[in-house]
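One structure is given below, encoded as structure tokens.
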Amino acid sequence: MPQNTSPAAGDRAYQDVKDRILSGDLAGGDLISEGEVAERLAISRTPVREAFLRLQAEGFMKLYPKRGAMITPIGRSEARDVVDARGVLETHAVKQATSTVERTNRLVAELHENLERQRHRIADNDLAGYAMTDAEFHELIIRAGDNALINHFFATLHDRQVRMARSSIHTDEIAEDVIGAHQKLLDAIEARDVALFEERITEHLAAIHRVLIA
């Protein structure tokens, strides 16, 4: 059977490997080869090579000619930068989102629904899925701030946020603690207390990612 060399094959290889990195299936320091991915997806090595180049440009892997690629570990400086940026952006978003009772209530309802999905993920022992739902919780907060430029910038952090969450939240017990922290953030939003939210988001991000940023 001929191997697929179409542009779509390159996109498929890119998404497959990236999903495995974000889910933690491929951890920092792991080695992966073009041949392995090509065989896995029944495509030629050419689109896999193109996918690897994209992932290297995004900082997720480092290529070694004729030897394959190594998944780039999450660096401390990168983790700190992501945590700092998220704290600033989310606090600003909450300030805007709680400017009226109507906007506050809308966000609170969305976050309550998200928390239920988080609990279902844990009940299903789906930690990879939980990491995505965790990211969505914070994205809901950002979108409620209604600032297109901030939304766009925060979207660029999404993949790193998911990867950090999957790395930091590796047991059901930790995930339960995170859900508790999310409930406290929701309570601060419902109370329209921006200062309390800022205090809690700072504590939450520092606590959950303490190993990455220490």
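Here are a few things to note about the model shown:
- Filtered residues of the stretch 197-206 (kept if open to solvent by 10 Å² or more (accessible area, probe 1.4 Å) and in contact with a Leu (Cβ under 9 Å, 6 or more places away or on another chain)): R200, H204
- So T104, is it β-branched (V, I, T) and either more than 27 Å from F153 (Cα to Cα) or not in a helix (DSSP H, G or I) (or both): no
- Residue check, D126 open to solvent by 80 Å² or more (accessible area, probe 1.4 Å) and free of Cβ contacts under 8 Å to residues at least 60 places away in the same chain: no
- Filtered residue count, the stretch 160-200, keeping only those that are farther than 20 Å from R119 by Cα and within 18 Å of the chain's Cα centre (by Cα): 1
- Selection from the stretch 18-68 of residues that are within 25 Å of S167 (Cα to Cα), open to solvent by less than 40 Å² (accessible area, probe 1.4 Å), in contact (Cβ under 8 Å) with a residue 40 or more places away in the chain and part of a helix (DSSP H, G or I): K18, I21, L22, S23, A51, L55
- Residue pairs whose Cβ atoms lie under 6 Å apart, separated by 6 or more positions or on different chains, with the first residue in the stretch 91-117 and farther than 23 Å from E203 by Cα and the second open to solvent by less than 10 Å² (accessible area, probe 1.4 Å) and modelled with pLDDT of 95 or more, are R103/A97.
Here is a yes/no grid of residues against (1) in contact with a helix residue (DSSP H, G or I) (Cβ under 6 Å, 6 or more places away or on another chain); (2) of a type in the set (S, T, Y):
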| position | (1), (2) |
| --- | --- |
| A42 | no, no |
| Y64 | no, yes |
| I74 | yes, no |
| D81 | no, no |
| E90 | yes, no |
| S99 | no, yes |
| E110 | yes, no |
| N114 | yes, no |
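- Pair list, Cβ under 9 Å, 6 or more apart: the stretch 187-199 residue part of a helix (DSSP H, G or I), other residue among the acidic types (D, E): D187/D193; A188/E198; A188/E199; L196/D187; F197/E90; E198/E90
- Among (1) assigned to a helix (DSSP H, G or I); (2) within 24 Å of S168 (Cβ to Cβ); (3) among the aliphatic types (A, V, I, L, M), the one test that I74 misses: (1)
- Matching entry among V162, V178, V211 (being within 22 Å of A27 (Cβ to Cβ) and exposed (fewer than 14 other Cβ atoms within 10 Å of the Cβ)): V211
The values are calculated or read from the model by the stated rules, or taken from the named source; none is laboratory data. Being a predicted model, the structure only gives us computed values, none of them experimental. Backbone-built Cβ (ideal geometry, glycine too); neighbour counts: all protein chains shown. All accessible areas refer to the heavy atoms of the entire protein, side chains included, with ligands and DNA or RNA removed. Shrake-Rupley method; radii C 1.70, N 1.55, O 1.52, S 1.80 Å.
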